[in-house]
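**Q** Structure incoming, see below.
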Amino acid sequence: MKAHKKAGSRAARSGGRLSMAARADRHRLYEQSVQNAEAEIDFVDATFRELRGRRARYLREDFCGTANVCCEWVRRRRDNQAYGVDLDESVLAWGREHHLANLKPSARGRVKLLQQDVLTAKTRTVDILLAMNFSYWIFRERALMRRYFATVRGNLAKDGLFFLDCYGGYDAFKTLKEKRKVGRFTYCWEQASYNPLNGDMTCHIHFAFADGSKLTRAFSYKWRLWTMPEIREMLIEAGFANVIVYTQGWDERTGEPNGEFTPARSRSPTPAGFATSRR
Ligand SMILES: C[S@@+](CC[C@H](N)C(=O)[O-])C[C@H]1O[C@@H](n2cnc3c(N)ncnc32)[C@H](O)[C@@H]1O
């Protein structure tokens with residue numbers, strides 16, 4: 001979640017007043033645009049229970065960013081514990097100030113944040129390990145991704161589950177900009193470049209405001225665009241016994257995804273798709 005150098009370049013003062021962009025907090029905007037910690041925890045908690053016949057207690061969030069999801073986990077039950085791992089101290093500090101600080105002290109003590117690399121960070125073995133919002137696409141070579149998946153496996157309890165998400169559909173391979181209104185601002189997802197020869201892609205998140213100000217390239221990502229079959233193969237090669245793909249349903253009425261995830265073996269091609277899978 002790197003801030004691009006130009007972030008905020010059009011966010012300056014106009015007529016002595018700070019623009020909306022200058023007053024905005026990019027981490028807050030990110031969370032409002034692309035995260036739903038409650039729904040994510042609902043899904044992983046219920047799925048773990050359904051598959052393993054017990055309640056999960058220990059959760060690790062790799063690439064945790066602001067640790068929003070870790071905080072949601074410890075709020076759910078008094079004995080839940082969460083570990084968040086992220087390389088970037090500044091985003092962890094934001095999470096401590098804005099999320100951990102709002103937890104009851106008893107819950108706060110059950111979240112541990114580690115400023116470390118997910119490939120080497122040591123935590124206790126956990127029931128649920130999350131790699132969400134495609135963050136693991138930072139690993140652009142097969143051998144490195146396999147190593148990451150093997151590391152995840154080593155960090156799981158015997159009956160632990162790994163949840164990761166994936167996006168696709170034929171629009172994923174295009175350069176494009178997609179805009180969406182979120183409350184009082186506009187979120188823009190830009191697929192700025194894609195190299196079909198090696199799968200490398202560059203994406204940016206921009207935000208625009210009613211007063212015309214913008215946060216351009218508030219976040220930028222250099223990823224490999226992996227496909228579902230490749231991810232499935234690498235998980236199996238890394239030792240996972242079973243991979244289940246959940247695809248999101250579609251609401252014909254609104255023309256939007258409906259937030260319902262069900263296990264699937266096949267589906268017809270669509271411009272865009274979103275899936276989450278687990279061990
Ligand atoms: C897209 S953001 C966070 C996404 C968040 N998990 C979510 O669900 O929205 C990706 C995060 O991964 C972190 N990151 C990138 N490479 C990492 C690595 N090797 N180890 C740990 N964190 C890493 C970045 O610092 C950034 O905060």
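Since every read-out is calculated from the coordinates, none of them should be taken as a lab result. Not measured: the values here are computed from a predicted model. Cβ atoms come from the backbone with ideal geometry, glycine included; neighbour counts cover every protein chain shown.
**Q** Using only the Cα atoms of the range 143-279, build the gyration tensor, take square roots of its eigenvalues as a ≥ b ≥ c, and label the shape rounded, prolate or oblate: rounded if a/c is under 1.5, else prolate if a/b is larger than b/c, else oblate. Mind showing how you got there, number by number?
**A** Details: a/c = 1.94, a/b = 1.54, b/c = 1.26.
Prolate, since a/c reaches 1.5 and a/b exceeds b/c.
**Q** Excluding residues on the same chain fewer than 8 positions from LYS177, give the aspartates and glutamates whose Cα lies under 18 Å from its Cα.
**A** Here the aspartates and glutamates satisfying the reach criterion relative to LYS177 are GLU190, ASP200, GLU256.
**Q** Right, next: Given the C-alpha centroids of the range 69-97 and the range 118-163, what is the distance between them in whole angstrom?
**A** With the range 69-97 and the range 118-163 each reduced to a Cα centre, they are spaced 17 Å.
**Q** Let me ask something else. State the percent of C-alpha pairs, over all pairs in the range 1-154, separated by a distance greater than 28 angstrom.
**A** That tail contains 26 percent of the Cα-Cα pairs.
**Q** Highest mean first, how do 76-86, 219-229 rank when packing is the count of other Cβ atoms within 10 Å averaged over residues? Numbers along the way, then the final one.
**A** On the way: 76-86: 20.5, 219-229: 17.0.
Going by the mean number of other Cβ atoms within 10 Å, highest first, we get 76-86, 219-229.
**Q** If you line up the Cα atoms of the chain on their principal axes, what length do they span on each, largest first, in Å?
**A** 61, 48, 40
**Q** Out of the DSSP beta bridges found with both residues in the chain, what percent are antiparallel (nearest 5)?
**A** Given both bridge residues lie in the chain, the antiparallel proportion sits at roughly 70 percent.
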